[in-house]
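In what follows, a single structure is set out as structure tokens and then discussed.
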Amino acid sequence: MTLQQIRYILEISRCGSISKAAQQLLLTQPYLSSILKDLENELGITIFRRDRRGVTLTEEGREFLYYARPMLEQEQRIEALYSKRTAKPPLHVSISTQRYPFVIQAFMRFFQKWDPERYEICLRECGMYHVINHVYEKKSDLGIIFLSGSTEAFIRKYLDIRNIQFNEIVSIAPCVFFHKDHPMARHAEVDMEEMARYPYASFESDAAASLDFSEEALLANFGQIQRHFSVADRGTMINILTHTDAFSIGSGILPPGFAGPELVSRPIRGQGKDIRLGWIQAKGAPLSAVSTAFVDELRKTLHQG
């Protein structure tokens, strides 16, 4: 298997037709078909299902592209790293983070201090599973995640296997958050047994990820929840919490201008500082001056919060 073959398979998938892909690649259809057949024979799988309308990926084909696509992305990163045709801009950083509004607040403070004329920034919000793998695959320079008492042993083992270290910034108590007129908002702290009567909102988990990677690991009575919203992005989460009686659980840090003006947080009765927020990086890899400046700004933001 070669990277060129993977490129051809991606183009066939994009076009939905071997003939159309051949035209785009400036190849003959028989030649491209033979390349596809050779690869299928080599791997012992069927990548595409063929019919009169064109081709569609099989389950094996989707699985193949899931693992093969990062190989091309890594090739592109290596080429970009060593290419001398263009110089890197003064501000060059890639960060993956769980969906925390305070991280975006810290990033904007950091960015405004640097205020460069040229920059290349990649800021990804996703679940913990993907944050860790972005750092592992070197898609991101660093990642922002949390550990809790119930998940720490599992997550630390997962990080160790990938040669990634966790650097704690602050320990805080988990909170629930909901809209300011929620029936439980009048309480200074909430009991999780009482919260079970309300809908729970969480970010959807990757099918391959364990519960240990999700915020639900903080919710001891998650099985009692009868109504559950599952969303993919922070904007939808804010809208769900603003316009329903749903609640979510997490750090409870809701910086003005970044988390929705209608939301409030309340501590959970009987909970200690069970959330440890911090950043991850490859073990032994030095942080760039840019990444160090961002971590410092994040530390300031969390301690102020």
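Table for the structure above
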{"read-out": "Candidates Leu26, Leu10 - the one that is more than 30 Å from Ile144 (Cα to Cα), out of contact with any His (no Cβ under 6 Å at 6 or more places or on another chain) and surrounded by fewer than 13 Cβ atoms within 10 Å (Cβ to Cβ)", "value": "Leu26"}
{"read-out": "Set Leu277, Leu298, Leu263: member being within 22 Å of the chain's Cα centre (by Cα), closer than 30 Å to Glu193 by Cα and either among the hydroxyl-bearing types (Ser, Thr, Tyr) or modelled with pLDDT of 90 or more (or both)", "value": "Leu277"}
{"read-out": "Residues being open to solvent by 40 Å² or more (accessible area, probe 1.4 Å) and closer than 18 Å to Arg14 by Cα - total across the range 38-69", "value": "14"}
{"read-out": "Residue in the range 154-172 that is farthest from Pro261 (Cα to Cα), counting only those that are in contact with a Gly (Cβ under 9 Å, 6 or more places away or on another chain), open to solvent by less than 40 Å² (accessible area, probe 1.4 Å) and not polar (S, T, N, Q)", "value": "Ile164"}
{"read-out": "The range 230-261: number of residues that are in contact with a helix residue (DSSP H, G or I) (Cβ under 6 Å, 6 or more places away or on another chain) and open to solvent by 70 Å² or more (accessible area, probe 1.4 Å)", "value": "0"}
{"read-out": "Search result, residues across the range 173-192 that are in contact with a Leu (Cβ under 8 Å, 6 or more places away or on another chain), assigned to a loop (DSSP other than H, G, I, E, B) and open to solvent by 10 Å² or more (accessible area, probe 1.4 Å)", "value": "Lys180"}
{"read-out": "Odd one out for Val170 among (1) farther than 16 Å from Tyr100 by Cβ; (2) of a type in the set (Val, Ile, Thr); (3) touching a strand residue (DSSP E or B) at 6+ places or on another chain (Cβ under 6 Å)", "value": "(1)"}
{"read-out": "Single residue of the range 132-149 satisfying the filter (modelled with pLDDT of 90 or more and among the hydroxyl-bearing types (Ser, Thr, Tyr)) that is nearest to the chain's Cα centre (by Cα)", "value": "Ser140"}
{"read-out": "Some residue of the range 84-91 being surrounded by fewer than 12 Cβ atoms within 10 Å (Cβ to Cβ) and modelled with pLDDT of 85 or more", "value": "no"}
{"read-out": "Any hit, the range 113-120, residues being open to solvent by less than 60 Å² (accessible area, probe 1.4 Å), touching a strand residue (DSSP E or B) at 6+ places or on another chain (Cβ under 7 Å), modelled with pLDDT under 90 and over 21 Å from Gly260 (Cα atoms)", "value": "yes"}
{"read-out": "Single condition Thr46 does not satisfy, out of (1) under 30 Å from Phe107 (Cα atoms); (2) modelled with pLDDT of 85 or more; (3) in a loop (DSSP other than H, G, I, E, B)", "value": "(1)"}
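Yes or no, residue by residue, for (1) of a type in the set (Ser, Thr, Tyr); (2) under 22 Å from Pro286 (Cα atoms); (3) open to solvent by less than 20 Å² (accessible area, probe 1.4 Å); (4) not in a strand (DSSP E or B):
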{"site": "Phe110", "(1), (2), (3), (4)": "no, yes, yes, yes"}
{"site": "Tyr129", "(1), (2), (3), (4)": "yes, no, no, yes"}
{"site": "Val135", "(1), (2), (3), (4)": "no, yes, yes, yes"}
{"site": "Ser140", "(1), (2), (3), (4)": "yes, yes, yes, yes"}
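The values are calculated or read from the model by the stated rules, or taken from the named source; none is laboratory data. Given the structure is predicted, the values throughout are model-derived calculations rather than measurements. Reconstructed Cβ throughout: ideal geometry from the backbone, glycine too, with neighbour counts over all protein chains shown. Surface areas here come from the heavy atoms of the whole protein model, side chains and all, with no ligands, DNA or RNA. Shrake-Rupley method; radii C 1.70, N 1.55, O 1.52, S 1.80 Å.
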